[in-house]
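*Asks:* One structure follows; several queries about it will come next.
Throughout, read-outs are computed from the coordinates displayed, never taken from laboratory work. These numbers come from a predicted model, not from an experiment. Ideal geometry is used to build each Cβ from the backbone, glycine not excepted, and the neighbour counts take in all protein chains shown.
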Amino acid sequence: MDFKGLRVNGKRLQDSVEEMAEIGATPNGGMQRLALSEEDKRARDLFVRWLKALNLEIIIDDMGNIFGNRPGRAPGLSPIMSGSHMDSQPKGGRFDGVLGVMGALEVLRTLCEHDIETERSVTIVNWTNEEGSRFAPAMVGSGVWTGALDRDWAYDRTDINGRRFEDELIRISYQGSAPARKWPVHVYYEYHIEQGPILESQGKTIGAPKGILCLHWYDVYVEGEANQVGPTPMAGRHDALCASAEMILKVNELPQRMGGNMVATVGEIQNYPNSRNIIPDKVHFTVDIRSWDDGHARKAWDMVRSDFEEIAARRGCSIKIEETWRVEHSPFDVKLVQRILEIAEELGYESLHTVSGAGHDASYMSRVCPTAMIFVPSIGGRSHVEVEDTAWEDCEAGANVLLHAVLQSANEE
Ligand code: GLV
Ligand code: MN
Ligand code: MN
């Protein structure tokens, strides 16, 4: 059968993204749907209803990952998998992750409405806790499923209020019975917004990243001594917040000092007891270092770590450091990336070979099966913010590329 003229329904895709965006909508047009929250539960319930309407075989595993499978003609062949995540940042946008899940759903709806049979099965997935902002680290659902992370370790992660991951999974009724354990997958495609400025600035509609930067996460705990701010002289203070402030600037200066291609960020901080008239005695902050070159990122960490120790000693504070999470850089399958670029050209979309600075479940998936991603432009290069936006016609374009990539892969040997 010739599928050349086949296209997704852009309006239906838009409607689905917009309906999902109502669950956890923030007043400024964004999204707050933290992993395993009430909003996450409601989004999952709606998603499962939509999977049922397509008569898909639904599997929910013990990490809460949700799969919907559309059987192919050859049950012995491994499936094509595509999806992303529906959890969000605390003040995130309506597209990060959701577009990839709704895009894969739109592809399945298109196949169903045209009665298109494929040789291989096509499986849609919603991965649990991609963001890692409520429960660190990120990409935990795919991490456990692919065998990179231990399930019980993931279960014991806690949020800032001390709530356990597993307890929250049970509370929202999404601890399924199937073990979160990988099965053979022929190809994994993840469709996503770019979350950066490159596609827009170059006037391109489709991005095909060669892979994802490494992600190194650390948690730093600085301890000093609390005291009354008025009577306590400046000399001899052990101010944990001042020590942390110096450390944070060292992180910010790191990429420039190191040279090469890397970014380094402190995004989260807790200061105790957080009172204007008490010298802070405890601070926790996070460090995120990313680069295509894992060794470079590690060297950067070694350098900043010794800065931290020097600053802590000079300010009379103690320091405790946890190496929370490391994911090596993830090169995608060269042939699949090429395929994305070719499909974009066939469909008349301008495309760009790029790289992903954002982390995605595709990172872990690339370790177990050939993987590629499809990017569409983020307006103003903004993401993880409420104003995150992508033109609907670009959303449709990306879904069309996904449709044809899935069709090709689902009908090959
Ligand atoms: C995931 O959203 C990340 O890039 O941190
Ligand atoms: Mn995402
Ligand atoms: Mn994100």
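*Asks:* Regarding Ala358, is this residue within 16 Å of ligand 2 (Cβ to nearest atom) and either among the aliphatic types (A, V, I, L, M) or in a loop (DSSP other than H, G, I, E, B) (or both)?
*Replies:* In short, yes.
*Asks:* For region 380-393, name all the residues that are of a type outside the set (S, T, N, Q) and surrounded by fewer than 24 Cβ atoms within 10 Å (Cβ to Cβ).
*Replies:* Within region 380-393, Gly380, Gly381, Arg382, His384, Val385, Glu386, Val387, Asp389, Ala391, Trp392, Glu393 qualify.
*Asks:* Which condition number in (1) touching a residue at least 40 places away in the same chain (Cβ under 8 Å); (2) farther than 27 Å from Asp167 by Cα; (3) not in a loop (DSSP other than H, G, I, E, B) is the one that Lys41 fails?
*Replies:* Of everything listed in (1) touching a residue at least 40 places away in the same chain (Cβ under 8 Å); (2) farther than 27 Å from Asp167 by Cα; (3) not in a loop (DSSP other than H, G, I, E, B), Lys41 misses just condition (2).
*Asks:* Sticking with this one: Take residues that are among the hydroxyl-bearing types (Ser, Thr, Tyr) and tell me which of the strands (runs of 3 or more DSSP E) falling wholly in region 148-225 contain 3 or more.
*Replies:* 187-193
*Asks:* Within region 73-88, take every residue that is assigned to a loop (DSSP other than H, G, I, E, B) and more than 16 Å from ligand 3 (Cβ to nearest atom) and give me the one that is nearest to Ala405 (Cα to Cα).
*Replies:* Among those residues, the one meeting the criterion is Pro79.
*Asks:* Next up: Here are some residues: Glu393, Glu386, Glu412. Which one is more than 21 Å from the chain's Cα centre (by Cα) and either assigned to a loop (DSSP other than H, G, I, E, B) or free of Cβ contacts under 8 Å to residues at least 40 places away in the same chain (or both)?
*Replies:* Of Glu393, Glu386, Glu412, the one residue that is more than 21 Å from the chain's Cα centre (by Cα) and either assigned to a loop (DSSP other than H, G, I, E, B) or free of Cβ contacts under 8 Å to residues at least 40 places away in the same chain (or both) is Glu412.
*Asks:* Another question, then. Give region 395-413 a look and list any residue that's charged (D, E, K, R) and crowded, with 24+ Cβ neighbours inside 10 Å, or say none.
*Replies:* Of everything in region 395-413, nothing turns out to be charged (D, E, K, R) and crowded, with 24+ Cβ neighbours inside 10 Å.
*Asks:* Could you list all residues from region 226-249 that are crowded, with 16+ Cβ neighbours inside 10 Å and more than 17 Å from Ser318 (Cβ to Cβ)?
*Replies:* Once the filter is applied, which keeps residues that are crowded, with 16+ Cβ neighbours inside 10 Å and more than 17 Å from Ser318 (Cβ to Cβ), region 226-249 yields only Ile248.
*Asks:* Whether any residue in region 236-253 is away from ligand 1 (no atom under 16 Å from the Cβ) and in a strand (DSSP E or B) is what I want to check. Please lay out each step first, then the result.
*Replies:* First pass over region 236-253, keeping only residues away from ligand 1 (no atom under 16 Å from the Cβ): 236-250, 252-253.
Then keep just the ones that are in a strand (DSSP E or B); that gives none.
Within region 236-253, not a single residue is away from ligand 1 (no atom under 16 Å from the Cβ) and in a strand (DSSP E or B).
*Asks:* Could you check Ala372 against (1) in contact with a Pro (Cβ under 9 Å, 6 or more places away or on another chain); (2) surrounded by fewer than 18 Cβ atoms within 10 Å (Cβ to Cβ); (3) touching a residue at least 12 places away in the same chain (Cβ under 8 Å) and say which number it fails?
*Replies:* Among (1) in contact with a Pro (Cβ under 9 Å, 6 or more places away or on another chain); (2) surrounded by fewer than 18 Cβ atoms within 10 Å (Cβ to Cβ); (3) touching a residue at least 12 places away in the same chain (Cβ under 8 Å), the lone unmet condition for Ala372 is (2).
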